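Working notes, beginning with the structure itself.
The values are calculated or read from the model by the stated rules, or taken from the named source; none is laboratory data. The structure presented is a predicted model; accordingly, all values stated were derived computationally and were not measured. Positions of Cβ are backbone-derived with ideal geometry, glycine not excepted, and every protein chain shown enters the neighbour counts. The protein model used for the area step is the full one, side chains on, heavy atoms only, and it has no ligands, DNA or RNA in it. Shrake-Rupley method; radii C 1.70, N 1.55, O 1.52, S 1.80 Å.
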Amino acid sequence: MTLTVAHRLILLAAIPLITFTVLGFADWRQTRATLLVCDEMAAHATGIAHRSEVIHELQRERGKSAVRLAGGTTDLEAQRTTSDGHIGELAADERTAVTEAVRRLRAQVEERAAPVAVIDGYTALITTCIGMEAKAAKARTDFGVGKLFTSLLVLEEAKEYAGRLRARLSSAAAADKPLPPAALKGLVAAHAGVVGGLGSQAYALPEDITQALQALRKDPDWRLLEAGLDAVLARSAQGGYGLDDRQVFAAATTFIDRIHALVGRTNQAAAARLARARTEAEATLAWHLQLMGGMMAGILLLTVLLALSITRPLRRAVTAAVDGSSTLGATAQALQANAGTTAHEAQGMAAAAGQLSTGVSTMAAAAGQMAASVASIGAAAEQITATVGGLAAAAEQMAATSGDIAARAQRGSDLAGQARSGVDAAASAMAALGEAAAAIGATNAAIRKVAEQTNLLALNAAIEAAKAGEAGRSFAVVAGSVKELAASAMGSADQVARSVAAIQGKVHEAASTVAGVQQQVHGIGDAIHDIAAAIGQQAGTTRSVAEGVHQADSGLKDIARSLGEIRTGSQEVARNAGDAAQAVRQVAEASRSVSSLSSEAAGAARAVADGAQGLGATAAGLRRLAG
């Protein structure tokens, strides 16, 4: 089946249409995945908020339980009711595990277990809840929310250390007795955790939250807690600290509530950022779909207009050529019939010399009719020649247009190759960046190990200074400073480790994205190469059509020359018929000449008929190509 010009143009237009459709579908899938990630991370933010409330209430319950076991008074039952309400908002599996652990701890409180054991039990449960919170926070870190979640976890850890300090310090104040080394070590570690958390370099918070965090370091309640800790450290071996356990508990609770408020604000900032990311993704998807739809409609409209601009003039030219070939065939048949008649008359004149004058008159009339027929054939041949010349010009213009399209397609193929090289270079750079991040992580691990050893030595020095009493007070201050520096170094090392992990995750994601883009660029390059090949084939077909039309034009010119010769012969026959009256010999010779010329005219008529058939076949082929 022969494809028309319009069909071939439509097939060429289908290639970019299919390409845009595939790209649009891929863009939709990518944006849809982004929306799903936003929804997933929003669910994580909601879960983190629930777990943060549970942790906060369990920290309060831990402190009040420690005060009761130390002999103080507190509203422990009301606190337990509040804790149970927040625990009920957890997921089913988490709710079951936390409820069972809280039940066992409350039984220990009712059985008057050792305060240190109860505090450690609550601390282990709260640490488990913080682990659940950290798992949700680190599940996805897209859209810059990972830094906010990291800051939230650092705040949560600082709040937990503050909760441990509240429980141990208020318990010591209520008991007002000497502290064993383990309890003293716990107090020092809790204080170091708060200091390290508030001074961590891992924060990436909005400006208002950052300012509130800086204000916490100068909070008067925190200063009161540090003064109480100094009093306990100074008299840990004798007891009698002179502290009001309710005042200590209230100050610590107010301080912890402020940290908890910062945790909530940080989680709200993460949720707001996720909402903005979702809105931007939806707007981007809508804009891309509109753009691709407009481009596809424009390509389709341009293809239709181009097909019409080529096929309409081609149809008109082909119709004219078909009509001209029909006229030329009819004229050739008339010429052949006239040539037969002329030959018959010439034989009659040669056979009957007595009827010379009648034969001469008949021959003269036949010669005049033949000249008129030849003139008609010449006019028709000139008209066909002009029509075929127009077809040749149109075919040359179509071939030039196809060549220009092929050159532009080749340029698109070269650009796709350059894009492929750029994407391959980006993939290599991503791999090198991942190796550098791994080297930084190894160095940071060594730094953290040194900080842990320094912190342990500082703790031991603080304990020995406490045992020495007033004589070791200055040494205790130095040990505390060393301990703070070690805690700060550990916090910084942890931050570097988390940053390196985040960088490695981003590098992995970027590498995956570059791989996807690399595959798409390769596919686009192959598609453009196929387009260039198809356009080149179309240009070759157009050139073949142009050559065929030029050949037809040459044939018509030959026919015109033959008709000129026939017209000259007809005029010569007329002159010979006038001279036939002078002599019988001249009549006989003229009869033979007329017979010979008639044979030639018959051959020329057959040639004209064959040319008309060839022109008709060429016009039919052009009609099929034009559709």
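Can you tell me which residue within segment 89-112, out of those that are open to solvent by 30 Å² or more (accessible area, probe 1.4 Å) and outside any helix (DSSP H, G or I), is nearest to P178 (Cα to Cα)?
R112
Do you know which of the residues in segment 463-484 that are at pLDDT 75 or above and surrounded by 15 or more Cβ atoms within 10 Å (Cβ to Cβ) is farthest from Q238 (Cα to Cα)?
In this case the residue turns out to be E484.
Could you list, in sequence order, the residues of segment 57-80 that are in a helix (DSSP H, G or I) and farther than 21 Å from K159 by Cα? Give the steps one after another, and end with the answer.
Taking segment 57-80 first, the residues in a helix (DSSP H, G or I) are 57-69, 76-80.
If the condition is that a residue be in a helix (DSSP H, G or I) and farther than 21 Å from K159 by Cα, then R68, L69, E77, A78 are the ones that fit.
Does D39 fit the bill of being modelled with pLDDT of 80 or more, among the acidic types (D, E) and either more than 30 Å from A251 (Cβ to Cβ) or under 27 Å from the mean Cα position of the chain (by Cα) (or both)? Steps first, please.
Numbers: modelled with pLDDT of 80 or more: yes; among the acidic types (D, E): yes; either more than 30 Å from A251 (Cβ to Cβ) or under 27 Å from the mean Cα position of the chain (by Cα) (or both): yes.
Yes, satisfied.
Write out, first by first residue and then by second, each pair whose Cβ atoms fall under 8 Å of each other, whose residues are 6+ apart or on separate chains, and whose first residue, in segment 512-525, is closer than 14 Å to G417 by Cβ and acidic (D, E) while the second is open to solvent by less than 50 Å² (accessible area, probe 1.4 Å) and modelled with pLDDT under 70.
Here the result reads none, with nothing in segment 512-525 linked to a residue that is open to solvent by less than 50 Å² (accessible area, probe 1.4 Å) and modelled with pLDDT under 70.
If you take the residues in segment 1-22 that are modelled with pLDDT under 80, open to solvent by 40 Å² or more (accessible area, probe 1.4 Å) and not polar (S, T, N, Q), which one is nearest to the chain's Cα centre (by Cα)?
Kept after step one, since they are modelled with pLDDT under 80, are these residues of segment 1-22: 1-14, 16-17, 20.
Then drop every residue that is not open to solvent by 40 Å² or more (accessible area, probe 1.4 Å), which leaves 1-3, 7-8, 10-12, 20.
Those left that are additionally not polar (S, T, N, Q): 1, 3, 7-8, 10-12, 20.
Numbers: M1: 39, L3: 36, H7: 32, R8: 30, I10: 27, L11: 26, L12: 24, F20: 12 Å.
By that ranking, first place goes to F20.
Give the residue, chosen from F149, F143, that is open to solvent by less than 50 Å² (accessible area, probe 1.4 Å), under 30 Å from P206 (Cα atoms) and part of a helix (DSSP H, G or I).
Answer to the selection: F149.
Give me the residue from segment 47-81 that is free of Cβ contacts under 8 Å to residues at least 40 places away in the same chain and aliphatic (A, V, I, L, M) and, out of that set, surrounded by the most Cβ atoms within 10 Å (Cβ to Cβ).
Residue satisfying both the conditions and the ranking: L76.
Looking at this structure, is T128 closer than 19 Å to E53 by Cα, surrounded by fewer than 20 Cβ atoms within 10 Å (Cβ to Cβ) and among the hydroxyl-bearing types (S, T, Y)?
Taking the combined requirement at face value, the residue satisfies it.
Can you tell me how many residues in segment 42-77 are closer than 30 Å to R140 by Cβ, of a type in the set (A, V, I, L, M) and over 43 Å from the mean Cα position of the chain (by Cα)?
As a first pass, look at segment 42-77 and keep what is closer than 30 Å to R140 by Cβ: 42-59.
Cutting the leftovers down to of a type in the set (A, V, I, L, M) gives us 42-43, 45, 48-49, 54-55, 58.
Keeping just the survivors that are over 43 Å from the mean Cα position of the chain (by Cα) gives 58.
Residues meeting the conditions: 1.
Against the condition among the hydrophobic types (A, V, I, L, M, F, W, C), assigned to a helix (DSSP H, G or I) and free of Cβ contacts under 8 Å to residues at least 12 places away in the same chain, how does L36 come out, does it pass? It would help to see each step written out before you state the result.
Numbers: among the hydrophobic types (A, V, I, L, M, F, W, C): yes; assigned to a helix (DSSP H, G or I): yes; free of Cβ contacts under 8 Å to residues at least 12 places away in the same chain: yes.
Considered against the rule, which asks whether it is among the hydrophobic types (A, V, I, L, M, F, W, C), assigned to a helix (DSSP H, G or I) and free of Cβ contacts under 8 Å to residues at least 12 places away in the same chain, L36 comes out as yes.
Please give the number of the condition T31 fails out of (1) of a type in the set (V, I, T); (2) more than 27 Å from G523 (Cα to Cα); (3) surrounded by 15 or more Cβ atoms within 10 Å (Cβ to Cβ); (4) at pLDDT 80 or above.
Unmet condition: (2).
Here is a check on your reading of the model: is T541 among the polar types (S, T, N, Q) and modelled with pLDDT under 70?
Details: among the polar types (S, T, N, Q): yes; modelled with pLDDT under 70: yes.
So T541 passes the test.
Table: residues versus (1) touching a residue at least 12 places away in the same chain (Cβ under 8 Å); (2) within 28 Å of A277 (Cα to Cα).
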residue: S83; (1), (2): yes, no
residue: H86; (1), (2): yes, no
residue: V102; (1), (2): yes, no
residue: V118; (1), (2): yes, no
residue: G131; (1), (2): no, yes
residue: A137; (1), (2): yes, yes
residue: L153; (1), (2): yes, yes
residue: A174; (1), (2): yes, no
residue: A189; (1), (2): yes, no
